[in-house]
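Any read-out appearing in this document is the output of simple, stated calculations on the displayed coordinates, not a laboratory observation. Remember, it's a predicted structure, so these values are computed and weren't measured experimentally. Reconstructed Cβ throughout: ideal geometry from the backbone, glycine too, with neighbour counts over all protein chains shown.
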Amino acid sequence: MAVLQKIRNKAGIFVIIFVGVALFLFIIDPSTFQVIFNQNDTSVAKINNKKVDYTEFQSYYNYHKNFVLVMQRKSSVTAEEDQRLSQLAWNEILQEYIFDPFVKNVGLSVSDEEMEDLLYGSNIHYIIQQYFTNQETGVIDTTWVRNFFDRAEEDEQTYIIAEYFKRIIKQDRITNKYDNMVAKGFYAPVALAKMDYEEKNNSFDFELLAKNYRNIADTDITFNDSDLQKYYNEHKYLYNENNESRELEYVIFDIIPSSEDTVAIKNEITELYEEFNELSSGFNEFALSNDDLRTQQFFISENELPHGLPEDFFEQETGTTSDIILNYDTYYFTRITEIAVRPDSVRLSHILFLANDTVTIEQCIAKADSIKKLAQNGEDFSLLAFLNSNDDESKVKGGDMGWFTESELRTDINDIAFKGNVGDIETLEANYGVHIFKITDQPAKHRKIKLATINKIVRFSDYTVNQRFAEASNFVVNNPTGAEFDQAVIDKHLAKRIATVGELDNRVSNIQDARNIVRWAYGKDTKIGSVSEVFTFPDKYIVAKVSSIRPKGTTPFEMVKDKVETAVIRDKKAERFIAEFNNEISSSSNLASFAQKEGYKLDSLSKIKFSEFSIPGIGTEPKILGVVDAIDANKISHPIKGNNGVYVLKVYNSTVAPEKTDYSSDQLNIMRSQSGQVYRINEALQKKAKIEDNRARFL
């Protein structure tokens with residue numbers, strides 16, 4: 001079980017790693033299972049003309065979900081986790097229907113012997129290294145790992161983790177084999193290697209004149225609708241949408257406590273304050289039973305005091321009670337119930353004796369007493385732990401458990417660890433066995449106090465909730481059309497928010513769990529200008545309007561008119577600059593004298609290579625690099641239309657890379673670079689595949 005706990009402690013890292021390969025984000029609520037099967041078509045997708053039934057998707061979902069539940073020791077997942085698990089299930093579907101056929105065609109597999117080698121052999125997989133490496137020694141006990149997998153079937157939870165690890169390790173291994181196979185197929189001929197060498201090593205020195213687009217105001221440029229339409233027709237490829245999206249405008253009716261709600265909470269905590277101060281004992285118990293935050297009661301240092309207490313409160317005596325204090329949205333008061341001199345942290349070692357079907361708790365107690373006496377008489381505690389402890393994880397470290405603060409230990413262990421001194425050895429009975437604890441290290445002790453605190457959060461009342469719902473409902477009733485929605489927002493001085501949502505989204509802007517809004521936005525009866533019902537959230541109500549619909553494929557002209565206008569304005573500026581340059585420089589052969597005469601800034605750039613991504617001080621201008629590499633020396637170029645302006649240049653010096661005959665290293669570098677792009681295979685296969693994604697129907 002110690003191994004299981006160690007793996008669980010790293011569960012968050014593992015999930016992040018695996019979720020990192022996600023391609024799209026969406027969420028399927030398993031509770032809709034029954035609804036799904038009431039539909040005629042239960043296919044969640046069609047990939048390359050093959051239907052994928054929802055039951056297959058759900059099987060993958062449950063597989064990942066069971067792993068997360070075991071790792072995190074809980075009975076349900078959060079909405080965010082649900083979304084990630086659904087994405088993992090979709091990735092599995094894509095893997096099975098798109099990638100796996102290619103793997104099968106070339107006969108790739110992982111043998112039992114190879115799997116053993118990856119789990120606990122001489123080529124241990126990085127996942128096993130991550131979870132089974134001893135953090136103190138940096139060594140993996142392969143016998144320990146083998147035992148974990150061999151005995152996994154004896155415990156259901158261990159079995160789930162072991163099988164999950166084996167499955168993803170096998171998938172990763174096959175993927176690496178396929179990628180390596182493809183990478184070996186890349187070849188760079190000598191001619192390509194030579195060209196690459198020259199592009200990286202030939203350099204140029206040149207003068208550059210620039211006319212930046214920002215030097216002309218947009219309002220100085222004239223154009224008409226035919227200019228816009230022409231540009232759009234010629235550049236439709238720039239306005240393609242892979243999926244349909246819809247733009248929403250919405251208003252939020254926040255539910256916040258009213259002044260009456262605040263007064264009610266203040267009165268409640270005042271009554272508790274009076275009752276608390278009348279007690280003669282039981283302060284801690286009273287606080288726990290009335291505290292909204294269920295504040296942990298352990299010893300704290302001065303820097304851990306609740307916000308808002310007087311500066312000298314920490315130095316007060318036992319029994320001192322604060323006034324009622326408002327801290328943000330919470331009223332609280334607190335009492336010093338105990339003062340002690342304790343360390344901030346403690347390092348512990350232990351020896352554990354577990355009771356089981358063959359060993360009774362009485363036998364554990366007797367053995368613990370015997371071993372404790374040996375330790376107190378000077379026997380090496382670490383050796384005793386190694387030889388006797390039932391905690392497989394700590395015994396290999398001589399019983400060392402590491403450092404702990406008071407909030408990390410149970411109360412009974414705290415009493416041993418923080419009251420004692422370095423070297424103290426104590427036993428502690430539990431329902432599963434007996435511990436022998438030894439304090440091996442602790443920093444200097446200092447004054448600490450224990451508090452009994454009662455917090456009362458200022459919450460909105462049912463009356464306030466009903467009022468806000470009534471406001472939101474009236475807004476919908478009185479403004480059922482898009483135009484009325486817009487006018488009401490203006491008249492009522494409401495903040496209108498904008499969000500673009502996809503059919504599979506689960507959030508609207510930063511609003512989590514907003515699937516109901518997205519579902520409405522994509523409803524068959526929802527059109528541009530439709531106004532929604534009132535959507536309910538824990539702390540707000542939302543009313544939305546569909547302001548536009550962007551269909552899959554080429555976006556209609558009217559929807560991208562603003563973007564087209566920006567591009568046309570840029571092109572018009574470029575035309576003006578090109579004409580000016582052609583007129584001004586036609587009679588000049590000296591760029592420097594021309595610049596001085598016209599008052600232009602002449603930039604001088606040196607050691608610029610064709611292979612560079614960006615030009616220092618200029619930015620990303622690939623057309624400049626193309627001209628520099630091709631133009632004759634000391635010849636003024638034609639005007640160059642760039643991303644940020646129009647340029648003319650003159651190369652006055654070039655440095656040719658040293659001659660060489662062996663380009664094998666350049667060939668190797670190119671092939672390495674090409675093989676580094678192998679990860680794009682999956683992406684390319686998906687683009688090539690025919691995927692009909694019906695997931696939204698099941699949400």
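Computed from point charges on the beta carbon alone (+1 for Lys and Arg, -1 for Asp and Glu), the dipole magnitude for the stretch 259-342 about its Cα centre is near 260 Debye.
Relative to the dominant Cα principal axis of the chain, helix 482-491 is inclined by about 70°. Report, in whole Å, the centroid distance computed from the Cα atoms of the stretch 329-388 and the stretch 81-108. With the stretch 329-388 and the stretch 81-108 each reduced to a Cα centre, they are spaced 48 Å.
Each Cα pair under 8 Å and six or more residues apart adds its sequence gap; the mean of these over the residue count of the chain is a relative contact order of 24 percent.
Note on Thr219, Thr481: ascending count of other Cβ atoms within 10 Å places them as Thr219, Thr481, the fewest first. When only the Cβ of Lys, Arg, Asp and Glu is charged (+1, +1, -1, -1), the dipole of the chain relative to its Cα centre reaches about 2740 debye. A straight Cα-to-Cα reach below 23 Å connects Lys50 with the lysines Lys104, Lys552, Lys687, Lys688, Lys690, residues fewer than 8 places away in its own chain not being considered.
Electrostatic bookkeeping for Gln229 treats Lys and Arg as +1 and Asp and Glu as -1; over the other residues with beta carbon under 12 Å from its beta carbon, the sum is -2.
For the pair the stretch 206-240 / the stretch 117-178, the C-alpha centres are spaced 58 Å from each other. Computed from Cα positions, the angle between helix 54-72 and the longest principal axis of the chain comes to roughly 50 degrees. Working ranking of peptides 413-420, 163-170, 606-613 by packing, defined as the average number of other Cβ atoms within 10 Å per residue, highest first, is 413-420, 163-170, 606-613.
The residues Arg459, Arg680, Arg695, Arg447, when put in order of fewest to most other Cβ atoms within 10 Å, stand as Arg680, Arg447, Arg459, Arg695.
For the stretch 578-621, what value does the Rg/Rh ratio take when both radii are computed over Cα atoms and Rh is the Kirkwood radius, given to two decimals? Using Cα coordinates only, the ratio equals 1.05. Helix content alone sets the calculated 222 nm mean residue ellipticity of the chain: runs of n ≥ 4 DSSP H residues at -39500 (n - 2.57) each, divided across all residues, give -13000 deg cm²/dmol. Each peptide in 518-526, 208-216 gets a packing score, the mean of other Cβ atoms within 10 Å over its residues, and the list from highest to lowest is 208-216, 518-526.
Net charge around Ala452, counting only other residues with Cβ within less than 11 Å of its Cβ (Lys, Arg = +1; Asp, Glu = -1)? Every neighbour counted, the sum reads -1.
State the answer as a single residue: which of Ile670, Phe333, Tyr164 lies farthest towards the positive end of the charge dipole of the chain, with beta carbon charges of +1 for Lys and Arg and -1 for Asp and Glu, about the Cα centre. Ranked along the dipole, the leading option is Ile670. Excluding same-chain neighbours fewer than eight residues apart, the lysines reachable from Lys492 by a Cα-Cα span under 29 Å are Lys527, Lys540, Lys545.
In the chain, taking the dipole from charged Cβ atoms about the Cα centre, the farthest positive-side position among Ile252, Gln297, Leu649 is held by Leu649. The alpha carbons of the stretch 345-442 stretch over 37, 27, 22 Å along the principal axes, in descending order. Per-peptide packing, taken as the mean over residues of other Cβ atoms within 10 Å, places 230-237, 242-249 in the sequence 242-249, 230-237 from highest down. Counting only other residues whose beta carbon sits under 11 Å from that of Lys211, what net charge do I get with K and R as +1, D and E as -1? With Lys, Arg at +1 and Asp, Glu at -1, the net is +2.
By other beta-carbon atoms within 10 Å, ranking Glu207, Glu533, Glu278 with the fewest at the front produces Glu278, Glu533, Glu207. Take every pair of alpha-carbon atoms less than 8 Å apart whose residues are at least six positions apart; their mean separation over the length of the stretch 322-428 yields a relative contact order of 31 percent. Ranking Ile371, Gly402, Ala385 by how far each Cα lies toward the positive end of the dipole of the stretch 355-408 (charges on Cβ) leaves Ile371 at the top. Relative contact order of the stretch 284-340: 27 percent, from C-alpha pairs under 8 Å at least 6 residues apart in sequence. A simple charge model with +1 on the Cβ of Lys and Arg, -1 on the Cβ of Asp and Glu and nothing else charged puts the dipole of the stretch 322-399 at about 260 debye relative to its Cα centre.
Excluding residues fewer than 8 places away in the same chain, name every one of the aspartates and glutamates whose C-alpha is closer than 20 Å to that of Lys572. Excluding near neighbours in sequence, the set is Asp218, Asp220, Asp225, Asp227, Glu234, Asp562, Glu580, Glu584, Glu621.
To the nearest ten degrees, helix 361-376 and the longest principal axis of the Cα atoms of the chain are 80 degrees apart.
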